[in-house]
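Below is one structure, written out as structure tokens; comments come after it.
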Amino acid sequence: MVIEVRYEEYAREFLEHLRKGAFLTVKGQPDNVMTIGWGTIGYMWKKPVLMVMVRPSRHTYGLLEQAGEFAVSIPLKQDLQDQILGCGKNSGRDMDKFKEFHLHKEKAQALLETPVVGNCRLHFECRILYQHRLEPEMIDEVVRDTAYNEGDYHTLYYGEILESYLFE
Ligand SMILES: Cc1cc2nc3c(=O)[nH]c(=O)nc-3n(C[C@H](O)[C@H](O)[C@H](O)COP(=O)(O)O)c2cc1C
């Protein structure tokens with residue numbers, strides 16, 4: 001059963017679980033799922049917005065550039081640690097991670113072609129409003145040295161939250 005929720009009411013759950021790992025899904029041939037640990041949720045342009053950060057080396061990056069949309073699925077009480085690690089170490093270039101890690105593909109609720117991870121409880125479906133590749137000279141020196149010593153500067157994708165809901 002799908003229970004629609006207000007994104008603000010689940011912002012804290014999102015932030016608390018994100019650092020342990022969440023799933024970013026994007027449509028493709030096949031659809032792909034990648035682990036994320038960084039992002040934000042907020043209110044911009046009079047819209048609810050979720051931002052994810054993806055390095056250009058990721059297979060997901062190329063798919064996102066085509067898709068214009070993404071979804072984020074967050075395990076709340078579910079133990080999906082093996083899948084979080086698996087989708088954070090392996091690339092969709094080499095395998096279908098949905099199949100490999102026994103993740104259930106569920107159709108989006110909004111008019112998205114991107115699936116969500118049915119094994120998770122909390123989901124956000126987003127349409128990309130704005131994207132921005134980090135500019136090295138604009139980043140704090142300590143952050144640059146710790147996060148970007150190999151370059152591969154993230155692109156930030158800001159998605160309007162079209163749907164936020166729980167699977168019960
Ligand atoms: C806990 C965890 C968090 C991660 N967070 C991010 C992230 O926020 N952005 C990113 O670009 N990569 C992140 N990664 C790395 C990607 O998930 C990893 O490179 C993945 O294999 C990329 O898959 P793809 O090539 O199918 O896109 C994270 C990995 C782990 C294990």
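Annotation: D140 carries an accessible surface of approximately 90 Å², with a 1.4 Å probe and no ligand, DNA or RNA atoms counted. Specify whether the C-alpha gyration tensor of region 80-134 places it in the rounded, prolate or oblate class, a ≥ b ≥ c being the square roots of the eigenvalues: rounded for a/c under 1.5, otherwise prolate if a/b is larger than b/c and oblate if not. Oblate, because a/c is 1.5 or more while a/b does not exceed b/c. Projecting the Cα atoms of L103, I41, N90 onto the dipole axis of the chain, where Lys and Arg carry +1 and Asp and Glu carry -1 at the beta carbon, places L103 farthest toward the positive end. The slack in the chain from M44 to Q131, taken as 0.36 nm per residue of separation less the alpha-carbon distance, amounts to 30.0 nm.
Computed about the Cα centre, the dipole magnitude for the chain is approximately 220 debye when only Lys and Arg (+1) and Asp and Glu (-1) carry charge, each at its Cβ. Extending 7 Å from Cα along the Cβ direction at D96 and again at V142 yields two label points whose distance is 4.6 nm. In the chain, the ratio of gyration radius to Kirkwood radius, Rg to Rh, stands at 0.94 when only Cα atoms are counted.
Each of L85 and L15 was given a label point 7 Å from its Cα along the Cα-to-Cβ line. The distance between the two points is 2.9 nm. For region 39-85, the ratio of Cα radius of gyration to the globular rule of thumb 2.2 N^0.38 Å stands at 1.41. On full extension, the segment bounded by K105 and R6 gains 33.3 nm, given 0.36 nm per residue less the C-alpha separation.
Of the cross-linked pairs K20/K46; K47/K107; K20/K97, which ones have a Cα-Cα span greater than 27 Å in the structure shown? If you can, show how the numbers build up before the last one.
Working: K20/K46 29 Å; K47/K107 23 Å; K20/K97 19 Å.
Over 27 Å Cα-Cα: K20/K46.
Bridgeable aspartates and glutamates around K99 (alpha carbons under 17 Å apart, same-chain partners fewer than 8 residues away excluded): D31, D82.
The values are calculated or read from the model by the stated rules, or taken from the named source; none is laboratory data. The model shown is predicted, which means the values in this text are computed figures rather than measured ones. In this analysis, Cβ positions are derived from the backbone assuming ideal geometry, glycine residues included, and neighbour counts consider all displayed protein chains. Remember, those area values only see protein heavy atoms, side chains included, never the ligands or the DNA or RNA. Shrake-Rupley method; radii C 1.70, N 1.55, O 1.52, S 1.80 Å.
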